[in-house]
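Structure first, then comments.
The values are calculated or read from the model by the stated rules, or taken from the named source; none is laboratory data. All values reported here derive from a predicted model rather than from experimental measurement. Cβ: placed from backbone, ideal geometry, glycine included. Neighbour counts: every protein chain shown.
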Amino acid sequence: MRFASRTSLPPNPIVGLSDKIASLPLKDLIPLQQGDLSMDTPREIMDAAWDALERGYTKYAPAAGYPELRNAVAKKLRDYNQIDLDPETQILITQGSTEALYLAVNALLDPGEEAIIPAPYYPPYDSLIKASGATPRYVGATEDEGWLPAPEAIEKAVNKRTRALLINTPNNPTGTVYPRKYLEDIGRTAVDHDLPILSDEAYEALVFDGAEHVSPMSIPSMRDNAIGLFSFSKTFAMTGWRLGYLCGPEEFIKRAGTIHNLVLAHVSSHIQIAGLRALQGWDRFSAPIVRELDERRRTLVDELNTLDGMSCKLPQGTFYVFPDFRDAVPGLTSQELADRFLQAGVGSSPGTFFGSGGDGYQRLSYSKVGIPQIVEGVKRMKRVIAQYASAGPLEN
Ligand SMILES: Cc1ncc(COP(=O)(O)O)c(C=O)c1O
């Protein structure tokens, strides 16, 4: 059998790492590599799904999603994102933001075209864009720049093949929350070149220290160019339910909806009703999750800063920290350090998973671990670092 070349593209390396870890005889692993949550989905949301099944939500549903759910999404966008959209024509209910991403990329990019992406970046963007026949063009940023690529560098990356700018705020892996002024600056490039700006906002609810999550769609000058990708996964601890939504200009939603209809028909009927209940209790459901994550975030960063050679800043969003280990273990690559951490019983994602600019860094997630595990995990890292310091850098 002959297969299409897109099937040879690399899968998400984080999923690959989790699969590898699951196959190892590791007892007592501290899983800082994963972007899933330890908290259960709130009981009320689970009950809503069960109740929906009993009430007959077992049949086909409208392709774009039930009107009542789209209306609730429109209300949430108005109340929390300051975005005013027509629920009938500008909102599409998707199977997680993963499907929303697939639809957006495939609705906008033809083979031979390019999409600009700030780096470090969420790894699936790479294969997803390549699978459409287009090419990702990365614009790197450093930690000193707050992980925000200079707007001039983004402007410079635009060429006649560029068809989209894909951003992610709050950002996986760095935890950076894009400031409004920065969004306005890079938005000018998008508007001047008539480029859609795809904004992956899967972590919109996970912001701390009073940081403001800003949707490009809420900025008046960008309204016609901005597309929003949203998720229920992280806000309500609903990662396994696979529910999200795509928002944007009417013609874009119509075309993305055509692909959605072909590949999925629609999101499972009872899951949509559970999503409706989730949106009706946004603050009640998400606040305890954010509070718990905030405590873990502070603990992880405080603990990391007790390690020799480490200075880890408090990220304002997501449930990741992205510390630089180069001074702690000079000469070790990210992958080598992640291998050593794994041997010591700590899972971590090497920074290079997120682009070459991530070498020397690790992405550590505090979403699946409580405070005692965080403290124990950093203790194990300390041992790895001390061992490396006493043995000296490896000879080549
Ligand atoms: C930046 C980013 N976008 C999208 C997703 C996909 O989320 P969903 O569960 O909504 O498909 C993730 C998942 O980790 C993510 O980190």
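Annotations for the structure displayed:
- For region 153-194, a residue qualifies if it is hydroxyl-bearing (Ser, Thr, Tyr) and in contact with a helix residue (DSSP H, G or I) (Cβ under 7 Å, 6 or more places away or on another chain), and exactly one does: Thr189.
- Filter result for the condition that a residue is among the polar types (S, T, N, Q), away from the ligand (no atom under 14 Å from the Cβ), in a helix (DSSP H, G or I) and in contact with a Ser or Thr (Cβ under 7 Å, 6 or more places away or on another chain), over Gln362, Gln335: Gln335
- Per the listing Lys313, Lys368, the residue uniquely surrounded by fewer than 23 Cβ atoms within 10 Å (Cβ to Cβ), within 16 Å of the chain's Cα centre (by Cα) and within 30 Å of Gly210 (Cβ to Cβ) is Lys368.
- If you filter region 190-249 down to residues that are away from the ligand (no atom under 16 Å from the Cβ) and within 17 Å of Phe319 (Cβ to Cβ), you find that the one that is surrounded by the most Cβ atoms within 10 Å (Cβ to Cβ) is Phe208.
- Residues in region 2-60 that are over 30 Å from Leu300 (Cα atoms) and of a type outside the set (Val, Ile, Thr): 23 in all.
- The residues in region 62-90 that are in a loop (DSSP other than H, G, I, E, B) and buried (at least 20 other Cβ atoms within 10 Å of the Cβ) can be counted, and the count is 5.
- Pair list, Cβ < 9 Å and 6+ apart or interchain, from region 207-234 residues that are in contact (Cβ under 8 Å) with a residue 24 or more places away in the chain to residues that are part of a strand (DSSP E or B) and away from the ligand (no atom under 16 Å from the Cβ): Ser215/Ala226; Pro216/Ala226; Met217/Ala226; Ser218/Ala226; Ile219/Ala226
- Among the conditions (1) of a type in the set (A, V, I, L, M); (2) in a loop (DSSP other than H, G, I, E, B); (3) at pLDDT 95 or above, Val290 misses just one, which is (2).
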